[in-house]
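Working notes, structure below.
The values are calculated or read from the model by the stated rules, or taken from the named source; none is laboratory data. The structure presented is a predicted model; accordingly, all values stated were derived computationally and were not measured. Using ideal geometry, Cβ is built from the backbone for each residue, glycine included, and neighbour counts are taken over all protein chains shown.
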């Protein structure tokens, strides 16, 4: 009898022979529809490690996006507010802005006032210093310099009298002299000349020839005032004295008088 027989098919129609222990391919159920076969292929799911890793990463990314969106929504305090609340918030912002603008204008006004006050105070201080200098020059308590003339009177015979020198002082003042010094003595409004020819005193201080007048003022006015016909120069020349007038751009009057405090007069300013 021949022992090479074909294997008989089992109940499923497949041959039942083969090597022992060989794996068999999965068999599809008989009589299933296409949808049922699709479901049977997808379930239970066959997940690989790579697919699991991608799924975890996508989950984490989605969770982060959701948290960020929710945080953004929570930070917006105005989202979902009622119209009345929005109007009230806008009014409060307008009021606050107005208060800040008012405060800004007030501070700017104060700054301007302080600057003006400082400027006025500085200007007043400068004017006070200038006035003090002017009064000091007139009173003889401050040295002065400026354009003017030098009048030199040489009297070798002692014919010059005190009244002649006083006439020269008056002519110079009338011509606009602002500061006068005779020899080493400052001449002011209250100055006086006494004595006789060759022995003359200014405010009680003896002076001798030559008599040198240092005068600050406009040279173009001072010199003609002394040289007018019948004036100071001609009168002195008649007395055999020699009078010389020299213009200069810088005359220094540095002889000072002590500041005297009045005994009875007081300022009437309140």
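Hey, can you tell me all the residues within region 121-147 that are assigned to a strand (DSSP E or B) and touching a helix residue (DSSP H, G or I) at 6+ places or on another chain (Cβ under 6 Å)?
Residues satisfying the conditions are 144, 147.
Here is a check on your reading of the model: is residue 112 under 30 Å from residue 193 (Cβ atoms), surrounded by 10 or more Cβ atoms within 10 Å (Cβ to Cβ) and out of contact with any helix residue (DSSP H, G or I) (no Cβ under 6 Å at 6 or more places or on another chain)?
Judged against the criteria, residue 112 is not a match.
Residue by residue, here is whether (1) over 15 Å from residue 168 (Cβ atoms); (2) modelled with pLDDT under 90; (3) part of a loop (DSSP other than H, G, I, E, B) holds:
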residue	(1), (2), (3)
195	yes, no, no
200	no, no, no
209	no, no, yes
212	no, no, no
215	no, no, no
223	no, no, no
230	no, yes, yes
234	no, no, no
244	no, no, no
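Select, from 200, 149, 137, 180, the only residue that is under 13 Å from residue 232 (Cβ atoms) and touching a strand residue (DSSP E or B) at 6+ places or on another chain (Cβ under 7 Å).
149
What is the one condition in (1) at pLDDT 80 or above; (2) under 28 Å from the mean Cα position of the chain (by Cα) that residue 119 does not satisfy?
(1)
For region 211-226, give me each residue that is in contact with a helix residue (DSSP H, G or I) (Cβ under 9 Å, 6 or more places away or on another chain) and exposed (fewer than 14 other Cβ atoms within 10 Å of the Cβ).
Once the filter is applied, which keeps residues that are in contact with a helix residue (DSSP H, G or I) (Cβ under 9 Å, 6 or more places away or on another chain) and exposed (fewer than 14 other Cβ atoms within 10 Å of the Cβ), region 211-226 yields nothing.
Return the residues of region 46-81 that are at pLDDT 70 or above and outside any helix (DSSP H, G or I); say none if nothing qualifies.
Of everything in region 46-81, just one residue is at pLDDT 70 or above and outside any helix (DSSP H, G or I), namely 48.
Out of all the residues in region 156-210, which are touching a helix residue (DSSP H, G or I) at 6+ places or on another chain (Cβ under 8 Å), buried (at least 16 other Cβ atoms within 10 Å of the Cβ) and touching a residue at least 60 places away in the same chain (Cβ under 8 Å)?
Scanning region 156-210 gives 160, 164, 167, 168, 171, 179, 180.
Say whether the condition of being without any contact (Cβ under 8 Å) to a residue 40 or more places away in the chain and either farther than 25 Å from residue 167 by Cβ or loosely packed, with under 12 Cβ neighbours inside 10 Å (or both) is met by at least one residue in region 237-250.
Looking through region 237-250, at least one residue is without any contact (Cβ under 8 Å) to a residue 40 or more places away in the chain and either farther than 25 Å from residue 167 by Cβ or loosely packed, with under 12 Cβ neighbours inside 10 Å (or both).
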